[in-house]
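Since the structure comes first, as structure tokens, the remarks are kept for the end.
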Amino acid sequence: MGRLASAYGQAVAAHRQARQRWTAARALLDRLAGQPVPERTADLVARLARLADALAAPPPGSTDRAGATAPGGPAPTGPAPGPVAGAPGGPPPGHVVVSPGGPARGHRAASPGDGPAAVRIGEASTADGRFPLLLPLGAGRHLAVDGDARDPRVAVLLRVLVLRLLTTAAPGSVRVVGIDPAAWGATFIPLRPLRDAGVLGSVATTEAEIGALLDAAEAHARAGEAELLLVVAASAPGPRELARLAALTHAGPTAGVCVLFAGRAVTTPGQAPPTLGGTTEVRLDERYARVGDPPGYPFSADGTGLPVPVLLDGDPPAVAVQALADRLGAQVRRDTALHLADLLPERRWTGSARGGLTTVVGRSGRTPVSLAFDDATPHWLVGGRTGAGKTVFLLDVLYGLAARYSPAELHLWLLDFKEGVSFTEFVPTDRDPSFLPHARAVGVESDREYGLAVLRELRRELGRRAGLFKRHGVTKLADLPDTEPVPRTVAVIDEFHVLFAGNDRLAREAVDLLEELARKGRSYGVHLVLASQSTSGVEALYGRAESLFGQFALRVALPGGEAVLGPRATVAGPTRIGTALVNTAAGATGADILLRFPDAHADTRQLARLRYELWDARPDDTGPPEVFRGYATAHLEDEPTPAATRRPAVLVGRTVDVAGSTARFDLDASPGRHLAVVGTSTTGAHVLRAAALSLAGQHRPGEAEFVLATLVAAADELADDTAAGLKAAGHPVTQVDAAGLRTRIAGLAAGGGERGRTYLVVFGVDAAHAVLAAADPDTYRTGHDDLRALLRAGPGRGVHLLGWWRGLRRLADDLGGSQNRDDVACLVALNVPADDLGLHLGVTDLVWTPRPNRALLVDRHAPRTALIVPFVRPGYHPDEEH
């Protein structure tokens, strides 16, 4: 009897609770419709169903999932705090925005700033029928399900909510990202068309990827962007990432983030699930879903939630997903299309560089992203695999800077080590005389030695600025008086790791210079941009990488370039060409921005207009930049005609330096002022030709005598060309064979020539070795004895030898051993191994790598060594020889 009384008491209590909720529902409908609510429960359910159907109807002129246009009808107007609902398989969620506790509002596409959208999840089931259930979702309004997406019902619910939120919102105003470590992204496979349309981002499945995604979501929340970021967690991540995900739910509506969180109850044993903010809780039993009270829009007065079970809607049909993707994709492409013009200011050259340089580099969502060269981010580090878009990104930056700042405010030093044409559009060519007026020096396919020369020149610029700062008693460029305008300098080095190839003296000096420039450049307005495929595995940087790259606060990771982010380089970076992950805190977590950037060359006409606009606006005193083209040959014919002088100089090529200065040897009266060109390459004959012809122009006609000996067949044509050029300049030319050469050497060793200067020009001196080695039967004197006497005493009498030896050992033999190496003080080495050359010169740390179209100039009297591009006859290409 006691148990019967207890059961009866429970039934009475349940009846009273149901009566209270029914009364509350009647009151709610009274407020919504201003009409009395029928007393019968069946009538109430029918009324709720009709109201939900009305809310689900699309507004006049809108398009449903299948592309059909909704019939006409009245469209109420008014502000829209929230949402939309829709029926499964029917038309898309309507654009009416209501909330469970508020009146119906106007028909229109909702934007994230409007407030939460009322989104249908299924049908509430009662004994007298069913009615659709709508929940508030949007910025600051979230949903959590106790199970994860390995339960097919959860996976379907998440997909339904994604589609209905996208249908509700204005095209392009919602961006979706996914987290699914349990199912490796399988939950989102049916939504693949949305990813192709650019609405659904990549799905994070690993710890690193989830961390990167949360970095971007937190940055989005801090920025307070208008775009709604929908974070769909199909399964629970690790404890740390779980806490970060939960923190996003407490960020509030201004953060522009909505979280759909599945698997909240699937946590570490013994650990309570994190507390969520602004979240509607959904629990699943064997058949139904139980829905808690939506924050701000409760179903119950006591916090118990909706008292009736809910049947969740089924999976959206594939045709509906594709139709929505087609509609949104077209709009997204229109809205998010990026062009170079989007990065440029409305007016050119209006920026002041005193406090720093700023330029727009792309967009994050729809928000322009500006990056700066200033005290906070003085230098940039850019990484990305081959083809990832490093050059495209750098060109966007350079054009953006050049459009904002005049050449008086900005100087550019551009250096490219790879075999490409990264910066050729900034320099004049035979077909196009235009150039970027901000460019001071441009290197294309540069050598390491040219890169080192650029760094040395930048260090000299630091020294000049340091002196200026001292005179004015300031420590920063911004503090200089207006009477001392100093432009900011940006040096861009693409594939900078080439500088550090190996661990030789050149690499070590390059590291020292870069470290000094990075450390001091902040104050002096000299900024570095280093771009490369990788910053790891460089031997010259061992123990130095942290001190060097620690100065580079701004990191740009293109696809494959995550290593530039530093110790957390396992973080997943961008995967699409045209995207980059930017970090403004030296790679620290929480400072990432994912952006898109345009391809400047996508619109060649617009780019050409900009380039000519900048060139036409250049000041009158602006000359073209110094240009080093690593692929180009050098010709004596391109040099100015040398004037007659008392101290002639041999011209042998162009020095690999910033100015592209002529490589020369002065032929004074000092013992040993002779020229030896060494190497098996026939380029040696070209260098000898240029040397002889360069001397001809420095003497008045008939003032110098030239004795030519052509001892190897490879030089016959060049020797004839040399003789013709010398004769055309008005100088006497005597051509001899090996025997005649020995005779002339003996005569010149005994006394001077008949004229003011005598030059012996010998093509293939080593071929005369046997003749010179033979001893005179009467005097026992060899030709080598006369040669060595000539080398020592000849310059004082105006006699100089210009010779091409095809081997370094034969040169040493002719000189009488390495102890007499100074008897020929001027040397041009071609394809001679560095070890052999260093041994001959007595140099232990010689930096030299033989390669086509390069030579090493050595002047033992200066002393100096320099990489040069040797002079060759026009039409000859040293690469073809190899």
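The values are calculated or read from the model by the stated rules, or taken from the named source; none is laboratory data. These numbers were taken from a predicted model, which means no experiment stands behind them. So basically every Cβ, Gly included, is an ideal-geometry build from the backbone, and we count neighbours across all protein chains shown. With ligands, DNA and RNA removed, areas are computed over all heavy atoms of the protein, side chains included. Shrake-Rupley method; radii C 1.70, N 1.55, O 1.52, S 1.80 Å.
Condition (residue is more than 29 Å from the chain's Cα centre (by Cα), within 20 Å of D315 (Cβ to Cβ) and open to solvent by 10 Å² or more (accessible area, probe 1.4 Å)) applied to segment 169-182: is it met by at least one residue? Checked segment 169-182: at least one residue is more than 29 Å from the chain's Cα centre (by Cα), within 20 Å of D315 (Cβ to Cβ) and open to solvent by 10 Å² or more (accessible area, probe 1.4 Å). Inspect all residues belonging to segment 232-241 and state whether any of them is of a type in the set (S, T, N, Q) and modelled with pLDDT of 85 or more. Scanning segment 232-241 turns up at least one residue that is of a type in the set (S, T, N, Q) and modelled with pLDDT of 85 or more. Suppose the filter is touching a Lys or Arg at 6+ places or on another chain (Cβ under 6 Å) and more than 24 Å from R810 (Cα to Cα); does T655 pass it? Judged against the criteria, T655 is not a match. For beta carbons closer than 6 Å, sequence separation of 6+ or different chains, a first residue in segment 853-873 that is touching a residue at least 40 places away in the same chain (Cβ under 8 Å) and a second that is assigned to a strand (DSSP E or B) and open to solvent by 60 Å² or more (accessible area, probe 1.4 Å), the qualifying pairs are V869/R654. Entry remark, segment 281-313: residues being closer than 30 Å to P171 by Cβ, modelled with pLDDT of 85 or more, part of a loop (DSSP other than H, G, I, E, B) and not acidic (D, E) number 2 in total. Residues in segment 842-881 that are part of a loop (DSSP other than H, G, I, E, B), within 25 Å of A719 (Cα to Cα) and more than 34 Å from the chain's Cα centre (by Cα): V872, R873, P874, G875, Y876. T475 falls short on exactly one of the conditions (1) out of contact with any Ser or Thr (no Cβ under 8 Å at 6 or more places or on another chain); (2) open to solvent by 40 Å² or more (accessible area, probe 1.4 Å), and that condition is (1). In the condition set (1) open to solvent by 10 Å² or more (accessible area, probe 1.4 Å); (2) on the phi > 0 side of the Ramachandran plot; (3) of a type outside the set (D, E), G764 is compliant with all but (1).
Taking D778 as the residue in question, decide whether it is touching a strand residue (DSSP E or B) at 6+ places or on another chain (Cβ under 8 Å) and at pLDDT below 95. Answer is no for this residue.
With respect to (1) at pLDDT 95 or above; (2) in contact with a Cys (Cβ under 7 Å, 6 or more places away or on another chain); (3) over 16 Å from L808 (Cβ atoms), the lone exception for L675 is condition (3). Among the residues of segment 232-250, just one is closer than 12 Å to G140 by Cα, open to solvent by less than 20 Å² (accessible area, probe 1.4 Å) and not in a helix (DSSP H, G or I), namely T249. Considering only segment 494-515, I want to know if a residue exists there that is within 21 Å of E409 (Cβ to Cβ) and either modelled with pLDDT of 90 or more or open to solvent by 40 Å² or more (accessible area, probe 1.4 Å) (or both). No.
Return a yes/no flag: does segment 667-688 have any residue that is out of contact with any Ser or Thr (no Cβ under 8 Å at 6 or more places or on another chain) and of a type in the set (D, E, K, R). Looking through segment 667-688, at least one residue is out of contact with any Ser or Thr (no Cβ under 8 Å at 6 or more places or on another chain) and of a type in the set (D, E, K, R).
Within the set P378, P345, the sole residue that is out of contact with any Asp or Glu (no Cβ under 8 Å at 6 or more places or on another chain), within 21 Å of L614 (Cβ to Cβ) and open to solvent by less than 40 Å² (accessible area, probe 1.4 Å) turns out to be P345. Looking only at segment 682-707, how many residues end up being under 15 Å from A855 (Cα atoms) and of a type in the set (S, T, Y)? Going through segment 682-707 one residue at a time, the tally reaches 2. Scanning segment 602-626 for residues that are open to solvent by less than 60 Å² (accessible area, probe 1.4 Å), closer than 30 Å to I577 by Cβ and over 23 Å from the mean Cα position of the chain (by Cα) returns L614, W615, P625.
Among the residues making up segment 403-426, those that are more than 28 Å from T849 (Cα to Cα) and of a type in the set (A, V, I, L, M, F, W, C) are A403, A408, L410, L412, F426. Against the numbered list (1) outside any helix (DSSP H, G or I); (2) touching a helix residue (DSSP H, G or I) at 6+ places or on another chain (Cβ under 9 Å), R689 comes up short only at (1). In segment 407-443, the residue that is most open to solvent (accessible area, probe 1.4 Å) out of those that are among the aromatic types (F, W, Y) and over 14 Å from L614 (Cα atoms) is W413. Tally the residues that are in a helix (DSSP H, G or I) and surrounded by fewer than 21 Cβ atoms within 10 Å (Cβ to Cβ), restricting the search to segment 251-263. Summing the residues that are in a helix (DSSP H, G or I) and surrounded by fewer than 21 Cβ atoms within 10 Å (Cβ to Cβ) in segment 251-263 gives 2. Within the set A301, A320, the sole residue that is hydrophobic (A, V, I, L, M, F, W, C) and buried (at least 17 other Cβ atoms within 10 Å of the Cβ) turns out to be A320. Taking segment 387-436 as the range and being under 18 Å from F496 (Cα atoms), among the aliphatic types (A, V, I, L, M) and modelled with pLDDT of 90 or more as the test, the residues that pass are V392, L394, L395, V397, L398, L412, L414, L415. A single member of A709, A676, A714, A659 is more than 11 Å from F871 (Cβ to Cβ), open to solvent by 60 Å² or more (accessible area, probe 1.4 Å) and not in a helix (DSSP H, G or I), and it is A659. Restricting segment 134-168 to residues that are assigned to a strand (DSSP E or B) and open to solvent by 10 Å² or more (accessible area, probe 1.4 Å), which is farthest from D196 (Cα to Cα)? So, considering only residues that are assigned to a strand (DSSP E or B) and open to solvent by 10 Å² or more (accessible area, probe 1.4 Å), the one farthest from D196 (Cα to Cα) is L134.
Quick grid of which residues meet (1) at pLDDT below 90; (2) open to solvent by 10 Å² or more (accessible area, probe 1.4 Å):
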| residue | (1), (2) |
| --- | --- |
| G817 | yes, yes |
| R821 | yes, yes |
| L827 | no, no |
| V843 | yes, yes |
| R851 | no, yes |
| A862 | yes, yes |
| A866 | no, yes |
| F871 | no, no |
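Listed conditions (1) open to solvent by less than 30 Å² (accessible area, probe 1.4 Å); (2) over 19 Å from V687 (Cα atoms) are all met by L857, apart from (2). The strands (runs of 3 or more DSSP E) located wholly in segment 330-415 that include 1 or more residues which are closer than 26 Å to A223 by Cα, hydroxyl-bearing (S, T, Y) and without any contact (Cβ under 8 Å) to a residue 60 or more places away in the chain occupy 357-364, 367-373.
Taking A353, is it in contact with a Lys or Arg (Cβ under 7 Å, 6 or more places away or on another chain), buried (at least 16 other Cβ atoms within 10 Å of the Cβ) and at pLDDT below 90? It is false that A353 is in contact with a Lys or Arg (Cβ under 7 Å, 6 or more places away or on another chain), buried (at least 16 other Cβ atoms within 10 Å of the Cβ) and at pLDDT below 90.
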